[in-house]
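Q: My questions will all concern the structure given below.
Every number here is computed from the coordinates shown, using simple stated rules; none is lab data. Not measured: the values here are computed from a predicted model. Here the Cβ is made from the backbone with ideal geometry for all residues, glycine too, and neighbour counts use every protein chain on show.
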């Protein structure tokens with residue numbers, strides 16, 4: 001495929017591919033014709049870096065802001081404050097040419113492959129037309145280029161798929177087609193938003209392995225969004241993790257270290273909620289570490305102080321009135337007032353080494 005011109009060819013290798021600093025994103029909810037719209041804070045104080053070839057996993061419940069974060073990174077939403085740099089350059093100060101490169105360099109793989117693919121267009125149209133538009137292919141070599149991206153995602157033999165419509169393909173095949181469409185733009189970063197949640201369990205590992213292979217062989221950075229800690233651990237085993245709650249990143253660090261020694265009470269609660277197939281171990285697992293009567297707060301009625309305090313079993317008075325600042329604790333960066341006071345995390349009620 002045709003090489004793209006970098007936004008900054010002289011960018012130091014240590015400069016992040018994507019860098020978000022103190023980023024805020026608001027939505028506005030109408031309250032009637034003559035009333036001022038309500039401001040809803042969807043992302044708060046987001047600080048995140050993604051380097052070339054890196055895998056970053058974003059986990060959290062539905063409504064935590066994961067997809068909103070991905071849409072901001074993709075340029076689909078404009079934050080109200082903070083800075084967003086791509087290869088060291090603020091996206092709002094880019095030239096038209098630089099902005100075009102930026103938009104091609106970051107591609108999204110959506111959750112719902114059927115909705116994301118035009119039902120009236122075959123694969124050669126869905127994949128080929130953008131390549132012609134961006135001049136990554138010509139009319140003479142278009143068939144060859146489309147075959148290349150289909151082979152890259154294991155949709156082979158390619159002649160069986162190139163003229164198919166989305167409804168003629170299985171869920172797993174459509175998901176591969178979405179990845180192929182992303183690859184056709186020569187991306188440097190793929191935003192994979194719950195890419196396996198709507199396909200059969202038996203096919204999920206193959207899609208996750210495909211993403212891992214593209215990361216390793218093509219040095220494509222991956223931002224993997226999920227609510228499933230099992231797939232998060234599988235995809236990001238050599239990467240970093242960012243845990244989100246109500247629009248904030250509450251803990252971040254090396255994935256293996258963070259999951260083996262979670263610091264934030266919310267992540268601890270998530271880990272105690274993960275199903276364990278071994279019934280002997282499951283009976284010895286500690287109870288879910290959340291206030292039993294509390295539910296995820298509505299973004300339109302955001303809690304004061306720490307956003308997690310209404311559900312936190314360790315909550316103190318300071319948590320209700322003062323918002324915590326991110327602090328370095330061990331190998332993690334944690335947003336919690338009580339991080340130095342929390343007991344050691346133990347998933348089981350007793351030693352299960354011999355289980």
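Q: Once the piece of chain linking residue 33 and residue 62 is laid out straight, how much longer is it, given 0.36 nm per residue of separation minus the C-alpha distance between them? Intermediate results must be reported in sequence, preceding the final value.
A: Details: separation 29, 0.36 × 29 = 10.44 nm, distance 3.02 nm.
Difference between extended and current length: 7.4 nm.
Q: By how many nm would the segment from residue 154 to residue 341 lengthen if fully extended, with 0.36 nm per residue of separation less the alpha-carbon distance?
A: On the way: separation 187, 0.36 × 187 = 67.32 nm, distance 5.01 nm.
Going from the current span to full extension adds 62.3 nm.
Q: Post the alpha-carbon centroid distance, the stretch 48-116 to the stretch 202-240, in whole angstrom.
A: 17 Å
Q: Would you mind checking the radius of gyration and Dmax of the stretch 172-330 based on alpha-carbon positions, in Å?
A: Spelled out, the Cα radius of gyration and Dmax of the stretch 172-330 are 18.1, 53 Å.
Q: So, one more: With label points built 7 Å along Cα→Cβ from the Cα atoms of residue 317 and residue 49, find their separation and express it in nm.
A: Distance between label points: 3.9 nm.
Q: So what is the calculated 222 nm ellipticity per residue for the chain, using -39500 (n - 2.57) for each DSSP H run with n of 4 or more, over all residues, to the nearest 500 deg cm²/dmol?
A: Taken over the chain, the calculation gives -8500 deg cm²/dmol.
Q: Relative contact order, percent, of the chain when contacts are C-alpha pairs under 8 Å separated by at least 6 residues?
A: Relative CO of the chain lands at 19 percent.
Q: Still on this structure, please answer the following. (1) 21.6; (2) 24.9; (3) 20.2: which one is mean projected area of the Cα convex hull in nm² as calculated from this entry?
A: From the options (1) 21.6; (2) 24.9; (3) 20.2, the structure gives (1).
Q: Still on this structure, please answer the following. Going by how many other beta carbons lie within 10 Å of each one, how would you line up 264, 337, 309, 280, fewest first?
A: On the way: 264 27, 337 21, 309 24, 280 9.
In order of increasing Cβ crowding within 10 Å: 280, 337, 309, 264.
Q: Can I ask one more? Hey, for a label at residue 274 modelled as a point 7 Å past Cα toward Cβ, could you say which residues of the stretch 247-264 have their backbone N under 18 Å away?
A: Residues passing the 18 Å test: 250-264.
Q: Let me ask something additional. Where in the stretch 248-280 does the amide nitrogen come within less than 20 Å of the point 7 Å from the Cα of residue 302, taken along Cα to Cβ?
A: Under 20 Å, as judged by backbone N against the label point of residue 302, lie 248-252, 265-267 of the stretch 248-280.
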